[in-house]
Amino acid sequence: MAGFVDIACNFTHESFKDDLETVIANAEIAGVEKFVLLCASLKDLDPIKVIQNKAPEKYFISAGIHPHHASEINDEYLKKLHDAVNINNPHAIGETGLDFFRNLSTYEEQIYAFEEQIKIAINTNKPLFLHQRDSHNDFIKILRKYSSDINRKIVHCFTGTQEQLDDYLELDCFIGITGWICDAKRNIELRNAIKGIPLSKLMIETDCPYLLPKNIAKQGKSLALEYFNEDGDGVYPMTVQIVGKGSLYDPNNEKVRS
């Protein structure tokens with residue numbers, strides 16, 4: 001079976017400062033061969049570049065501004081982001097999108113930051129790495145506005161409804177799922193919806209160190225994706241087995257293997 005690609009790793013998080021190498025080693029033992037390192041603000045770029053430079057064939061990066069940091073964006077910041085994209089040649093633009101759950105940036109700031117980063121993705125012909133929480137209507141409206149010009153779109157950490165999933169698939173988005181699907185009590189609709197995701201559009205991620213499934217201990221923050229196999233109903237082990245054979249985002253070629 002081909003190795004896994006974890007498409008969402010927040011390695012700049014402070015929880016990794018003492019044991020990142022161990023976490024990565026454990027992930028590799030579990031079969032994770034490639035890692036996409038996410039950028040939430042420009043201050044993340046230098047640290048993830050340091051990691052990437054250790055093994056460029058293994059680590060792939062994004063560059064962008066998370067909606068929580070949308071308030072930081074002004075003309076000067078946008079110029080710095082443009083320059084950073086040109087200098088670092090990331091594999092995707094993001095993590096960008098809308099988050100109306102915490103509203104750490106205002107509605108107007110988030111809309112502006114989202115659209116400006118979409119324009120960067122279009123101008124550089126790079127995929128968009130997308131975040132959406134409690135903002136589907138505005139999020140999908142903006143995506144539809146630009147969709148025909150966007151190279152590829154990855155809706156990461158999907159935890160939504162069947163209707164939302166249908167909207168994303170209609171726009172030819174790739175869908176990232178996490179350990180959230182292992183929570184049977186909170187995720188009945190998601191666990192049903194996932195069965196309808198075309199395998200060519202399905203990606204797997206840990207979003208580490210966030211969204212640990214309930215069936216592993218909190219201290220077990222390795223990127224091992226084997227927890228999917230612990231679900232008893234048979235759907236998720238099948239999913240991982242098939243995805244592991246190649247229906248994964250390949251950052252090296254910027255496409256989905258199938």
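Throughout, read-outs are computed from the coordinates displayed, never taken from laboratory work. These numbers come from a predicted model, not from an experiment.
In order along region 55-65, the Karplus-derived 3J(HN,Hα) couplings, from 6.51 cos²θ - 1.76 cosθ + 1.60 at θ = phi - 60°, round to 7, x, 6, 10, 10, 10, 10, 10, 9, x, 10 Hz, and Gly and Pro are given as x.
Each residue of region 148-161 was assigned a 3J(HN,Hα) from its phi angle through the Karplus expression (A = 6.51, B = -1.76, C = 1.60, θ = phi - 60°), giving 5, 9, 8, 4, 8, 9, 10, 8, 8, 6, 5, 9, x, 9 Hz with x at Gly and Pro. Across region 114-127, computed HN-Hα scalar couplings (Karplus, 6.51 cos²θ - 1.76 cosθ + 1.60, θ = phi - 60°) run 4, 5, 5, 6, 4, 4, 5, 4, 5, 5, 9, 6, 10, x Hz from first to last residue, x flagging Gly and Pro.
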